[in-house]
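Chemist: For reference, the structure I am asking about is given below.
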Amino acid sequence: MSTVAPLPTLGGQSPAEPTEPPHVDVTGRVRAPIDQVWALFKPFGALDWWPIYQWVKLEGADAVGGVRTFLTKTGRTYAEKLVVRDDATHTERYDLVSVSPAVPSLRSISTIVTMQADGDETVVHWRSWVDAGSMVVGQFRKVQTETYTNAIQSLDSHFHPALGTLEVTLVGAKDLPREHTVWPLDPYVSVRLDEGEPQTSRTRFATTHPTFHETLSFAVLSNEGKLEIGVWDAHLGRDHLCGTAEIDLHTVAAGASTAQSLALTGGGTIEVELRLTLTDGEALPPTDAMLREAHW
């Protein structure tokens, strides 16, 4: 039995959203004008910009009422029906028709609203409402939040292809400070490249000398090259920052693994290995600020 309210009804000719709060609500920016973003996003059966599908098929015309079926790289097949598409407001709604292998009692609707931001950027609001059991709803929220976030990043990457990739292997940390607590530390590491979303390691328990041996992968989307590493102590309610370190990727040669031992601001050290792979060149291009500084 469903434990959430039935799905709200949207007007068939209106792009308006339901008044009920969505179960999933993701907002992001695409660094391109709205007309270009909408032209890329609009075709209901064309998802080449979103590399999570093995194939996509459109049944019927590319218009309201059309149904697209696709196979994800996870091996699950979905069918979605286009219910609303409004070129004037750059909005769209589609309904889930079926899933295989089946997810019991799952129904959902999704809406996308795109708006012109300052400059040549577009804000994308991606939302979903779901009718299913409570356990399914929780998993749906987690999966769709990640999916929509990655989709908006894929839209942006279409207009701004990645310069390359960066693999950060977290080897371990030593002598982490524990003066803030008498309890053993439960450390984990957070890594962020430029303005992207941070990635985290698994938590190690009861140690000031953790070993991780985990590799985190990042798309290099700009030439800023600022890699931020934070070591945290996991606590119920509020985690404590043990210390931070930064690496300028302009100092890292591409094409080979580079081992570094970094002093943390709060004390102790962290050891990492970096592998920077660039599509063009052996070093990250300098920023405008670096060029100005070199000129002066």
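Chemist: Please verify whether Asp118 is open to solvent by 40 Å² or more (accessible area, probe 1.4 Å), outside any strand (DSSP E or B) and at pLDDT 95 or above, treating the condition exactly as stated.
Modeler: No: the conditions fail for Asp118.
Chemist: Also, quick follow-up: Of all the residues that make up segment 165-223, how many are farther than 30 Å from Val30 by Cβ, under 27 Å from the mean Cα position of the chain (by Cα), surrounded by 14 or more Cβ atoms within 10 Å (Cβ to Cβ) and among the charged types (D, E, K, R)?
Modeler: So the answer is 3.
Chemist: What number of residues within segment 121-155 satisfy the criterion of being in contact with a Leu (Cβ under 8 Å, 6 or more places away or on another chain) and either in a helix (DSSP H, G or I) or closer than 30 Å to Gln260 by Cα (or both)? Give the derivation first.
Modeler: Quick first cut of segment 121-155, residues in contact with a Leu (Cβ under 8 Å, 6 or more places away or on another chain) only: 124, 129-132, 136, 140, 155.
Those still in the list that are either in a helix (DSSP H, G or I) or closer than 30 Å to Gln260 by Cα (or both) too: 136, 140, 155.
Final tally of qualifying residues: 3.
Chemist: How many of the residues in segment 163-203 are part of a loop (DSSP other than H, G, I, E, B) and either in contact (Cβ under 8 Å) with a residue 40 or more places away in the chain or of a type outside the set (A, V, I, L, M) (or both)?
Modeler: So in segment 163-203, the residues part of a loop (DSSP other than H, G, I, E, B) come out as 163, 175-186, 194-198, 201-203.
Cutting the leftovers down to either in contact (Cβ under 8 Å) with a residue 40 or more places away in the chain or of a type outside the set (A, V, I, L, M) (or both) gives us 163, 175-181, 183-186, 194-198, 201-203.
Summing the residues that are part of a loop (DSSP other than H, G, I, E, B) and either in contact (Cβ under 8 Å) with a residue 40 or more places away in the chain or of a type outside the set (A, V, I, L, M) (or both) in segment 163-203 gives 20.
Listed here are the residues, each with its yes/no results for (1) free of Cβ contacts under 8 Å to residues at least 12 places away in the same chain; (2) among the acidic types (Asp, Glu); (3) closer than 22 Å to Ser154 by Cβ.
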{"residue": "Ala63", "(1), (2), (3)": "no, no, no"}
{"residue": "Arg68", "(1), (2), (3)": "no, no, yes"}
{"residue": "Val97", "(1), (2), (3)": "no, no, no"}
{"residue": "Ala102", "(1), (2), (3)": "yes, no, no"}
{"residue": "Ser110", "(1), (2), (3)": "no, no, yes"}
{"residue": "Met115", "(1), (2), (3)": "no, no, yes"}
{"residue": "Gly119", "(1), (2), (3)": "yes, no, yes"}
{"residue": "Thr122", "(1), (2), (3)": "no, no, yes"}
{"residue": "His125", "(1), (2), (3)": "no, no, yes"}
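Chemist: Which of the residues belonging to segment 242-296 are free of Cβ contacts under 8 Å to residues at least 24 places away in the same chain, in contact with a Leu (Cβ under 9 Å, 6 or more places away or on another chain) and acidic (Asp, Glu)?
Modeler: Glu246, Asp248 - these are the residues of segment 242-296 that are free of Cβ contacts under 8 Å to residues at least 24 places away in the same chain, in contact with a Leu (Cβ under 9 Å, 6 or more places away or on another chain) and acidic (Asp, Glu).
Chemist: I've got another one for you. What number goes with the only condition from (1) open to solvent by 30 Å² or more (accessible area, probe 1.4 Å); (2) in a loop (DSSP other than H, G, I, E, B) that Arg275 does not pass?
Modeler: The failed condition is (2).
Chemist: Could you list, in sequence order, all residues of segment 72-88 that are aliphatic (A, V, I, L, M) and open to solvent by 40 Å² or more (accessible area, probe 1.4 Å)? Don't jump to the end; show me each part of the working.
Modeler: Filtering segment 72-88 for residues aliphatic (A, V, I, L, M) gives 79, 82-84, 88.
If the condition is that a residue be aliphatic (A, V, I, L, M) and open to solvent by 40 Å² or more (accessible area, probe 1.4 Å), then Ala88 is the only one that fits.
Chemist: Looking at Tyr94, is it within 17 Å of Ile112 (Cα to Cα), among the hydroxyl-bearing types (Ser, Thr, Tyr) and in contact with a Lys or Arg (Cβ under 9 Å, 6 or more places away or on another chain)? Break it down stepwise before answering.
Modeler: Numbers: within 17 Å of Ile112 (Cα to Cα): yes; among the hydroxyl-bearing types (Ser, Thr, Tyr): yes; in contact with a Lys or Arg (Cβ under 9 Å, 6 or more places away or on another chain): yes.
Criteria met by Tyr94.
The values are calculated or read from the model by the stated rules, or taken from the named source; none is laboratory data. None of the values given here were measured: they were computed from a predicted structure. Positions of Cβ are generated from backbone atoms using ideal geometry, with glycine treated the same way; all protein chains shown enter the neighbour counts. Side chains included, ligands, DNA and RNA excluded: accessible areas come from the protein's heavy atoms. Shrake-Rupley method; radii C 1.70, N 1.55, O 1.52, S 1.80 Å.
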